[in-house]
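Nothing in this text is a laboratory measurement; each read-out follows from the coordinates by a stated rule. Quick caveat, the model's predicted, so the values are computed rather than measured. Cβ: placed from backbone, ideal geometry, glycine included. Neighbour counts: every protein chain shown.
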Amino acid sequence: MNIIVLKGSIIEVEAEVIVNPANSRGLMGGGVAGVIRRFGGEEIEKEAIEKSPIPIGSAVLTTAGKLKFKGVIHAPTMEEPAMPSSEEKVRQATKAALELADEKGFKSVAFPGMGTGVGRVPKSVAAMAMLKEIKEFKPKSLEKIILVDIDDEMVRAWEEFLGSL
């Protein structure tokens with residue numbers, strides 16, 4: 001499985017599907033979720049809310065609205081909007097998103113930093129948790145994982161840990 005680290009916006013990356021570090025209620029207010037909703041349209045949030053509650057450790061697939069992707073995977077890193085997340089929740093959300101992308105037959109998936117915005121998980125902790133889950137995952141269809149963020153510290157953390165795993 002090819003792992004690529006990029007600096008940039010998740011909505012501009014070349015992938016079949018993107019991951020939204022969601023909350024269990026499916027509300028898309030701030031951070032990455034807000035950007036996805038703003039550029040993709042309200043229908044993404046509406047569908048996520050219809051599929052809620054989304055338990056931590058699970059994920060749901062919705063339309064990508066006006067975005068070029070085949071869908072958005074909503075993987076909660078917190079139960080309620082803007083509540084603190086944790087390393088364990090980042091691990092569970094990453095694993096759930098990988099499993100759903102693979103189960104749906106996607107070949108490429110893009111992740112932002114999970115739980116590092118409003119969830120307040122330190123970027124180095126999130127990077128290590130995400131990469132451990134990615135490295136342990138045994139895909140059937142997934143070929144490429146793209147880790148993309150606009151934050152330099154997040155990108156550096158992925159690059160650092162990717163080299164050490």
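List of remarks:
- Rounded if a/c under 1.5, otherwise prolate or oblate - region 39-118, Cα gyration tensor axes: oblate
- Within a Gaussian network of the chain (alpha carbon springs, distance under 10 Å), most fluctuating of Val60, Val118, Val32: Val118
- Taken about its Cα centre, region 11-109 carries a charge dipole of roughly 160 debye when the Cβ of each Lys and Arg holds +1 and the Cβ of each Asp and Glu holds -1.
- For region 1-50 versus region 93-165, the inter-centroid distance based on Cα atoms is 14 Å.
- Computing Cα Rg over 2.2 N^0.38 Å for the structure here picks out one of (1) 1.12; (2) 0.90; (3) 0.98, namely (2).
- In sequence order, region 110-125 has phi-based couplings of 10, 10, x, x, 8, x, 8, x, 5, x, 6, 6, x, 4, 5, 5 Hz under the Karplus curve 6.51 cos²θ - 1.76 cosθ + 1.60, θ = phi - 60°, and Gly or Pro positions carry x.
- Comparing Leu6, Val60, Asn20 along the charge dipole axis of region 2-164, the residue lying farthest to the positive side is Val60, per the Cβ-charge model.
- With R₀ fixed at 22 Å, the C-beta to C-beta distance from Glu50 to Lys140 puts the FRET efficiency at about 0.20.
- When each of Lys68/Lys104; Lys107/Lys132; Lys66/Lys123; Lys51/Lys104; Lys70/Lys138 is checked by Cα-Cα distance, pairs over 28 Å: Lys66/Lys123
- FRET efficiency for Leu165 and Arg25, using Cβ-Cβ distance with R0 set to 30 Å, rounded to 0.05: 0.35
- With both labels modelled 7 Å from their Cα along Cα-to-Cβ, the Ala82 to Ile4 distance reads 3.5 nm.
- Near the amide H of Gly41, within less than 5 Å, lie the amide hydrogens of Lys66, all on another chain or at least 5 residues away, with H placed in the peptide plane.
- Under 5 Å, built H, 5+ apart or other chain: amide partners of Ala22: Ala75, Thr77
- Backbone HN-Hα couplings from phi across region 38-43 [Karplus 6.51/-1.76/1.60, Hz, Gly and Pro as x]: 4, 8, x, x, 4, 4
- Calculated mean residue ellipticity at 222 nm for the chain: -12000 deg cm²/dmol, from DSSP H runs with n ≥ 4 weighted as -39500 (n - 2.57), summed, divided by the residue count and rounded to 500.
- Percent of beta bridges antiparallel (DSSP, the chain, rounded to nearest 5): 15 percent
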